[in-house]
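The values are calculated or read from the model by the stated rules, or taken from the named source; none is laboratory data. Note that the structure is a prediction, hence the values are computed from the model and not measured. For neighbour counting, all protein chains shown are included, and Cβ atoms are generated from backbone atoms with ideal geometry for every residue, glycine included. Surface areas here come from the heavy atoms of the whole protein model, side chains and all, with no ligands, DNA or RNA. Shrake-Rupley method; radii C 1.70, N 1.55, O 1.52, S 1.80 Å.
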Amino acid sequence: GIQVEQSPPDLILQEGANSTLRCNFSDSVNNLQWFHQNPWGQLINLFYIPSGTKQNGRLSATTVATERYSLLYISSSQTTDSGVYFCAVWGNLFFGTGTRLTVIP
Amino acid sequence: NAGVTQTPKFQVLKTGQSMTLQCAQDMNHNSMYWYRQDPGMGLRLIYYSASEGTTDKGEVPNGYNVSRLNKREFSLRLESAAPSQTSVYFCASPAGGETQYFGPGTRLLVL
């Protein structure tokens, strides 16, 4: 199957800081999604972004499909951003191992 | 509109016992999926159903069976639970080829 690698594995930020999370994938994909798993385990869709750039409030994502990577940007981080961020690629969603983000006040 | 629901939320089994995890979606989606998530890892696909009446194996199907009872419901059965099946199980249903919606998860502990 497709290999999905995420970096960094762990990230600790001061509230208000910005961050960039990276997702590399091993093969061409038609679909890519970013998810946030909150500390209670709930998985929340952030972006469906097979290519291009999207923004939603303080979050934005860019996928460069030809170079097989995607970036998730978090600006002005808040404590509620803490959790694990996963990227996943289709066919049947191959998940990366995630980036665990901790935002401290 | 509840989205994707799962029961039970938490279960403890002894090795060799059987159980069925239930999943239902009220979004009228065709596809449904079962994943497991082990500590420190992403989700891995167990089985999926592209439409009512069809099921296919995913990445880690051994030790599991599934039933797509109707368009709404997709169940996952462990016939003889093993400690290696201790995990959090997520059911999901995508909207077309795009956004994947997840249930709240079932935490399973096999002793």
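Things worth noting here:
- Between the amide H of residue B:55 and any residue lying 5 or more places away or on another chain, no distance stays under 5 Å, with hydrogens modeled in the peptide plane.
- Karplus-derived 3J(HN,Hα) values for region A:59-66, using 6.51 cos²θ - 1.76 cosθ + 1.60 with θ = phi - 60°, are 9, 8, 9, 9, 10, 10, 5, 5 Hz; glycine and proline are entered as x.
- Residue-wise HN-Hα coupling along region B:40-46, computed from phi with Karplus coefficients 6.51, -1.76, 1.60 (Hz; x: Gly, Pro): x, 10, x, 7, 10, 7, 8
- With all protein chains kept in place, the per residue accessible area of the protein assembly as shown amounts to 47 square angstrom at a probe of 1.4 angstrom.
- Between residue A:38 and residue B:80, the modelled label-to-label distance comes to 4.1 nm, taking each label 7 Å out from Cα in the direction of the beta carbon.
- Alpha carbon Rg of the protein assembly as shown, scaled by the compact-globule rule 2.2 N^0.38 Å: 1.02
- At a threshold of 30 Å², the residues of region A:1-39 that become less accessible to a 1.4 Å probe in the full protein assembly than in their chain on its own are A:37.
- Reduction of at least 20 Å² in accessible surface, 1.4 Å probe, comparing all protein chains with the chain by itself, residues of region B:22-37: B:33, B:35, B:37
- Qualifying chymotrypsin sites (Phe, Trp or Tyr not before Pro) in region A:1-55, where qualification requires a DSSP coil assignment and no more than 16 other C-beta atoms within 10 Å, comprise A:40.
- Across B:41, B:27, the residue with the most accessible area heads the list, and the full order at a 1.4 Å probe is B:41, B:27.
- Remark: accessible surface ordering of B:67, A:77 (largest first) is B:67, A:77, probe radius 1.4 Å.
- Remark: the protein assembly as shown carries a charge dipole of roughly 340 debye about the Cα centre, counting +1 on each Lys and Arg Cβ and -1 on each Asp and Glu Cβ.
- Rounded percent of accessible protein surface that carbon and sulfur make up, chain B, 1.4 Å probe: 48
- Counting protein heavy atoms only, region A:1-76 has 45 percent of its accessible area on carbon and sulfur, 1.4 angstrom probe.
- Once A binds B, the 1.4 Å probe can no longer reach about 1400 Å² of accessible area, counting both sides.
- Loop-located trypsin sites (Lys or Arg not before Pro) in region B:6-60, at most 14 other Cβ atoms within 10 Å (DSSP): B:9, B:14
- Distance from region B:21-89 to region B:90-111 (C-alpha centre basis), Å: 8
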